[in-house]
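Structure first, then comments.
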Amino acid sequence: KVGKFEEKLNHTFEGLKERYEHMLHDVLQWRPVTIFVACFVLFMCFAFYAISQKELAPTEDQGFVFVTGFGEKDSTHAVMEKYAAQVNDIFKDIPEGDAYFLINGLGSVNNFIGGIVLKPWEDRKRSQFDIQKEIQGKLAGISGINAFSVNFPALPGASQGGISFVVSSTDDYKTIFDVTQKMLADARKSGQFYYVDSDLKFSSPQLNIDIDRNKAQQLGISMQDAANTLSVMLGGGYLNFFSLEGRSYQVIPQVPDDYRRNPDQLGQYYVRTASNTMVPMSAIATISSSVVPDQLNQFQQLNSATISGFGQGTMGQMVDYFNAEAKKYFPSGFFVNYAADTRQYVTEGNTFVIVFFFAIIIIFLVLAAQFESWRDPFVILTSVPLAVCGALIPIAMGFATINIYTWVGLVTLVGLISKHGILMVDFANKMQEHEGMAKRQAIEHAAAVRLRPILMTTAAMVLGVFPLLIASGAGAASRRDIGIVIAAGMTIGTLFTLFVVPTMYTFFARDHQAAAAAQAQREKS
């Protein structure tokens, strides 16, 4: 016995089927218009993809904010301790913080790293991203250090995150430095980055001692004598050991700190002449100062500088920004390259497109073998760009990004949406073969009969991914991106499929009615 709910449901679907059949009949009266709409939707796929934000993977709320920074080159440990205390106070003022740490002097005296572990997701109202922005704002208020807070990349094995844009050239480092400084100045003014810097800096002080060789020769002072004097006074090397109370100590000849605190004191060191007299170093040498790069890096055997930064936008936006800056400022002989996560994003980003098209080709070949036709798979797969367009709409609106997870959702969507076309085309072919219907009559009847399973499949899939749409906690961003793609793609793609696939069937499907009639004639004869 049929229950009231089931009876009402059947009545609802029967009424929906009749209305859809009338609508489809009217739409097939204007088939060129439907084809135009389908082509327009196909064009919009490329438009939506072009304006969508792109990244390798969405940044997840992992419950941890990492902080790193550095002070001036000549900062002492005592000075850095004062800055560390201010960073500690920032950590203490975060109510969502559960624990924190800070390591001062890591690698060099003026560097530090730290981090704050946040409370579990259910015990805090603010996300990691809101807290990270608050910490960054407070770090910017500490004068004397360059500090920034970052969110760790979501993918395992990724490096520090952010962008790593490599400027390479055969020119000297000073030319590279000038170009990168122009790019950094524009980046800081743009407001898109809360931290951006280059690893090529002319900031290390250097003292240059120029010895007047003519004066030194007149006094009988060789270059070796001058070098040995400076080496003994400043080198800090040890000569040997001496024993004191059973312990060995190094003998280190070096002037006390009070006599080597400023460059002018170098001229007061005495060097022995050929006549065995002592003259000050200032008599034969001139002391000047300059700055040199902290480090000289090469990338693929070219002189290079790496611009690193963390911005408000996605990886794709930062890459596009610096590529535009490169076209603006790069002279001849300069090259663009990428490192770390940015290199992985650039080199592997296009592979997702290739995988997507290979998935379509594989499904096409499987359907061709199943239907023993090249036409029917083409008709079935016309629903794919329609569904992809539907999936790209929320991405273009900023609800998600093009990343590894949305590509997984798009590939999954190809298989899901193809099922709608299979249901209609397979049934329409049987109506032609066994009932003797014409193509248009067969597809109208098949689409109406298959409407219920198509809608139930769509509803089941959309409701199935609904928990992904409202996900929270660890890994929520990736799950939400997959859910958005499948839900939007199935919903919008189904609406298009119900009218476009029957229209394409009337144009491209094989005439099974004529084939069946010919087969019957052959059997009779």
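The values are calculated or read from the model by the stated rules, or taken from the named source; none is laboratory data. For clarity, every value in this text was computed on a predicted model and none was experimentally measured. Cβ placement follows ideal geometry from the backbone for every residue including glycine, while neighbour counts extend to all protein chains displayed. Heavy atoms of the whole protein, side chains included, go into the accessibility calculation; ligands, DNA and RNA do not. Shrake-Rupley method; radii C 1.70, N 1.55, O 1.52, S 1.80 Å.
Counting each DSSP H run of 4 or more residues in the chain as -39500 (n - 2.57), what helix-only mean residue ellipticity at 222 nm follows after dividing by all residues, to the nearest 500 deg cm²/dmol?
-18500 deg cm²/dmol
Would you grab the residues whose amide H sits under 5 Å from the one on Asn297? Only those 5+ places off in sequence or on another chain, please, with H modelled 1.01 Å from N.
Here the answer is Ser304, since their amide H atoms fall under 5 Å of that of Asn297.
Please give the contour-minus-distance gain from Val336 to Gln298: 0.36 nm per residue of separation, less the Cα-Cα distance, rounded to one decimal in nm.
12.4 nm
Does anyone have the angle between helix 315-329 and the longest principal axis of the chain? Alpha-carbon axes, 0 to 90°, nearest 10?
Once rounded, one gets 60 degrees.
Please give me, ordered by residue number, the trypsin sites (Lys or Arg not before Pro) of the range 233-300 that lie in loop per DSSP and have at most 13 other Cβ atoms within 10 Å.
Passing both the DSSP loop test and the Cβ count: Arg261.
Straight-line reach from Lys430: which lysines fall under 18 Å, measuring Cα to Cα and dropping same-chain residues less than 8 apart?
Straight-line reach from Lys430, under 18 Å: Lys419, Lys439.
From the phi of every residue in the range 185-200, what ³J(HN,Hα) in whole Hz does the Karplus formula 6.51 cos²θ - 1.76 cosθ + 1.60 yield, where θ is phi - 60° and glycine or proline is x?
4, 5, 5, 5, 6, 5, x, 7, 10, 9, 7, 7, 7, 10, 7, 9
Run down the lysines and flag those whose C-alpha is under 24 Å from the C-alpha of Lys327, throwing out any fewer than 8 positions away in its chain.
Partners within reach: Lys54, Lys174, Lys182, Lys189, Lys201.
Per the Kirkwood formula on distinct C-alpha pairs, the Rh of the range 358-479 is how many angstrom?
It is 16.1 Å.
How many Å² of accessible area per residue for the range 322-453, probe 1.4 Å?
The answer is 44 Å² per residue.
Test of understanding: what is the full-extension gain from Met397 to Lys328, defined as 0.36 nm times their sequence separation minus their Cα-Cα distance?
Stretched out fully, the Met397 to Lys328 stretch lengthens by 21.9 nm.
Treating only the Cβ of Lys, Arg, Asp and Glu as charged (+1, +1, -1, -1), what charge dipole size does the chain show about its Cα centre? Round to the nearest 20 debye.
1040 debye
Which far-off residues, 5 or more places away or on another chain, put their amide H under 5 Å from the one on Val271, with H placed in the peptide plane?
The list, which skips near neighbours in sequence, is Val279, Met281.
Setting aside same-chain residues fewer than 8 positions from Lys92, which lysines have a Cα under 17 Å from its Cα?
Lys82, Lys119, Lys133, Lys138
With +1 assigned to the C-beta of every Lys and Arg and -1 to the C-beta of every Asp and Glu, and no other charges, what is the dipole magnitude of the range 102-177 about the Cα centre in debye, to the nearest 20?
Computed about the Cα centre, the dipole is about 280 debye.
At Ile252 and Glu14, where each label point lies 7 Å from the Cα along Cα→Cβ, what is the point-to-point distance in nanometres?
According to this spin-label approximation, the distance is 9.9 nm.
HN-Hα J couplings of the range 467-482 from phi, Karplus 6.51/-1.76/1.60, θ = phi - 60°, integer Hz, Gly and Pro as x?
Residue by residue, the range 467-482 yields x, 5, 5, 9, 5, 9, x, 5, x, 5, 5, 5, 5, 5, 5, 5 Hz.
What number comes out for accessible area per residue over the range 227-293 if the probe is 1.4 Å? Units Å², please.
Per residue, the range 227-293 has an accessible area of 70 Å².
Ignoring ligands, DNA and RNA, what percent of the 1.4 Å accessible area of the chain is carbon and sulfur?
Carbon plus sulfur share of accessible area: 58 percent.
Along the range 446-452, what does the Karplus equation 6.51 cos²θ - 1.76 cosθ + 1.60 (θ = phi - 60°) give for ³J(HN,Hα), rounded to whole Hz, x for Gly and Pro?
5, 5, 5, 5, 7, 4, 4
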